[in-house]
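Colleague: Handing you a structure now.
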Amino acid sequence: MTDDIVIVGGGTGGTIMANRLTERLGPAIEAGDVTVTVINDGEYQYYKPAYLYVPFGKKSVEEAKRPIADLLDRRADFRDGRVTELDTDGKTVALDDGDDLTYDHLVLATGANLAPEKVPGLAEGGHHFYSPEGAQALREELADFEGGHLVLSVIGVPHMCPAAPLEFVFMADDWLRKRGLREDVEITYTYPIQRAHGLEEIAEWATPKLEERDINVETFFNVDSVDPDDQVLETMEGNEMDYDLLVGIVPHEGSELVSDAGLGDDGWVAVDNHTLEAEDAEDVYAIGDVADVPTSKAGSVAHYESTTIADRIASRVRGETPTAAYDGKTICFIETGMDEATFVDFDYQSGPTMREPSAPVHWAKLGYNEAYWLTARGLM
């Protein structure tokens with residue numbers, strides 16, 4: 001009897017997951033006792049952290065994509081298609097081409113989706129750097145921006161890469177100074193709760209650095225709508241803010257597949273925080289942004305989660321009791337300008353440890369960005 005493992009989603013979590021499984025179950029796969037199939041709506045994987053650098057001309061969107069088939073171990077199968085339905089009782093997934101696949105173990109790696117339409121006027125009046133098109137459009141806008149009010153507003157929480165909004169304003173400040181334009185630009189950073197970041201340790205570290213850079217900080221600022229004609233942000237608290245260039249961290253949402261299958265609210269899979277097994281279905285796991293765990297939606301999370309899930313599935317395939325557990329480990333680099341960065345690490349038990357920014361950490365982050373494709377292949 002064959003154990004069929006199906007992974008829905010070919011992003012960071014999905015590809016690393018597949019390659020971890022082929023590493024652990026290689027002989028069984030080669031003997032025909034196990035199959036590993038990755039399904040993705042599109043043939044390319046996009047390395048989203050690189051989009052932060054596109055607006056400043058430091059990366060191109062073409063550098064941030066690779067064919068998924070090239071990233072997968074040869075023992076894993078890849079299907080370019082869209083999953084339209086999950087049947088967790090019958091253990092099948094339906095594809096848009098009319099085909100159905102059965103599974104013994106299902107891993108959901110569908111990520112997070114941008115939903116700017118949830119805020120009236122945001123799509124028309126703002127820019128963002130969370131997609132290839134968004135990052136490229138913001139690059140063109142910044143290239144012509146020589147003065148006025150630049151507003152970075154964190155509108156949607158949670159969101160991918162939680163440090164990126166802070167990184168953007170630090171980098172914009174440095175980039176404008178190097179171009180001799182900083183005196184002509186007012187920069188404002190807004191956050192929806194009463195501090196500058198969701199994690200208190202990062203907020204306490206960032207606030208004085210924002211003040212040193214003459215970056216305005218507005219907290220408890222919840223954008224309700226955007227007036228693209230008058231270029232005004234309107235908040236739930238009844239306040240308004242004018243802008244000349246708006247960079248919005250748009251609302252995110254999970255997958256309709258998840259909601260329709262009854263696996264979690266708002267498209268995020270309700271899972272056990274340590275085993276990453278779905279609470280509302282057997283033999284279903286979630287990895288990366290779509291997993292509703294109390295940590296960041298960051299690539300490092302998917303990296304560490306993949307080891308746990310791969311070990312647990314491999315144990316079950318072998319008839320063993322799974323023991324691997326995810327401890328919430330997360331690592332995030334934070335650019336503090338165009339030439340310096342810091343990084344934080346934390347888990348479920350320990351909060352972030354902040355470090356002084358330095359040039360070597362900046363170059364380490366750039367080095368990892370270049371080496372990421374080795375990580376996706378399971379080589380790092």
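Colleague: Along each of its three principal axes, how wide is the spread of alpha-carbon positions in the stretch 249-366, in whole angstrom units, largest first?
Modeller: Over the stretch 249-366, Cα extents along the principal axes are 48, 36, 24 Å.
Colleague: Next question. What is the ratio of the Cα radius of gyration of the stretch 115-252 to 2.2 N^0.38 Å, with N the residue count, to two decimals? Working shown, then result.
Modeller: Details: Rg = 13.9 Å, N = 138, 2.2 N^0.38 = 14.3 Å.
Relative to the rule-of-thumb radius for its length, the stretch 115-252 sits at 0.97.
Colleague: Counting alpha carbon pairs within less than 8 Å and at least 6 residues apart, what relative contact order, in whole percent, applies to the chain?
Modeller: Working: 825 pairs, mean separation 70.4, N = 380.
So the answer I get is 19 percent.
Colleague: Once amide H atoms are placed 1.01 Å from N in the peptide plane, what residues at a sequence separation of 5 or more from residue 78, or on another chain, have their amide H within under 5 Å of its amide H?
Modeller: 38
Colleague: Counting GluC sites (Glu not before Pro) as exposed when in a DSSP loop with at most 16 other beta carbons within 10 Å, what is the longest stretch of the chain free of them? Let's see the in-between values first.
Modeller: Working: sites that count: 43, 146, 237, 279, 282, 320.
Longest gap between qualifying sites, sites excluded: 44-145.
Colleague: What accessible area, in Å² to the nearest ten, does a 1.4 Å probe give for residue 127?
Modeller: Near enough 50 Å² of accessible area.
Colleague: Additional query: Please list 292, 89 in order of solvent-accessible area, largest first, computed with a 1.4 Å probe with all protein chains present. Spell out each step's value before the answer.
Modeller: Values: 292 85, 89 145 Å².
Result, largest first: 89, 292.
Colleague: If the cut-off is 23 Å between C-alpha atoms, which lysines fall inside it for residue 118, apart from same-chain ones fewer than 8 positions away?
Modeller: Excluding near neighbours in sequence, the set is 48, 297.
Colleague: Another question, if that's okay. Given a 1.4 Å probe and every protein chain left where it sits, what share in percent of the accessible area of the stretch 119-185 is carbon and sulfur? Intermediate values should be presented prior to the final figure.
Modeller: Details: 1200 of 2530 Å².
On the stretch 119-185, the fraction of accessible area on carbon and sulfur atoms equals 47 percent.
Colleague: Would you mind getting the accessible area per residue of the chain, heavy atoms of the protein chains only, 1.4 Å probe, in Å²?
Modeller: Dividing the accessible area of the chain by its residue count gives 43 Å².
Colleague: Pull up the cross-link candidates among the aspartates and glutamates for residue 65, meaning alpha carbon to alpha carbon under 17 Å and not fewer than 8 places away within one chain.
Modeller: Candidates past the 8-residue exclusion: 41, 43, 80, 133, 370.
Colleague: Still on this structure, please answer the following. Apply the Karplus curve 6.51 cos²θ - 1.76 cosθ + 1.60, θ = phi - 60°, to the phi angles in the stretch 348-356 and return the couplings in whole Hz, x for Gly and Pro.
Modeller: For the stretch 348-356, the Karplus-derived couplings read 4, 9, 10, x, x, 9, 8, 10, 5 Hz, x marking Gly and Pro.
Colleague: Pull up all non-local amide H partners of residue 35: gap of 5 or more, or a different chain, and H-to-H distance under 5 Å with H placed in the peptide plane.
Modeller: When sequence neighbours closer than 5 places are left aside, the close amide H contacts are 3, 4, 5.
Colleague: A follow-up question, please. Rank 79, 316, 177 by accessible area, highest first, at a 1.4 Å probe radius? Don't skip to the end; give the middle numbers.
Modeller: Details: 79 65, 316 90, 177 115 Å².
So, going from the largest accessible area down, we get 177, 316, 79.
Colleague: Gain in length, residue 179 to residue 283, computed as 0.36 nm per residue apart minus the alpha-carbon separation, to one decimal in nm?
Modeller: Using 0.36 nm per residue and subtracting the Cα-Cα distance, I get 32.0 nm.
Colleague: Let me ask you something else. Per the 1.4 Å probe, what fraction of the accessible area of the stretch 20-64, in percent, lies on carbon and sulfur atoms? Please report the intermediate quantities before stating the final value.
Modeller: Values: 830 of 1850 Å².
Accessible surface attributable to carbon and sulfur in the stretch 20-64 totals 45 percent.
Colleague: How big is the charge dipole of the chain about its Cα centre, in debye rounded to the nearest 20, if each Lys and Arg gets +1 on its Cβ and each Asp and Glu gets -1 on its Cβ? Intermediate results must be reported in sequence, preceding the final value.
Modeller: Details: 29 positive and 74 negative charges, 348 e Å.
Here the chain has a charge dipole of around 1680 debye.
The values are calculated or read from the model by the stated rules, or taken from the named source; none is laboratory data. Quantities reported herein were computed from a predicted structural model and do not represent experimental measurements. Positions of Cβ are generated from backbone atoms using ideal geometry, with glycine treated the same way; all protein chains shown enter the neighbour counts. Heads up: the accessible areas ignore ligands, DNA and RNA and are worked out on the full protein's heavy atoms, side chains in. Shrake-Rupley method; radii C 1.70, N 1.55, O 1.52, S 1.80 Å.
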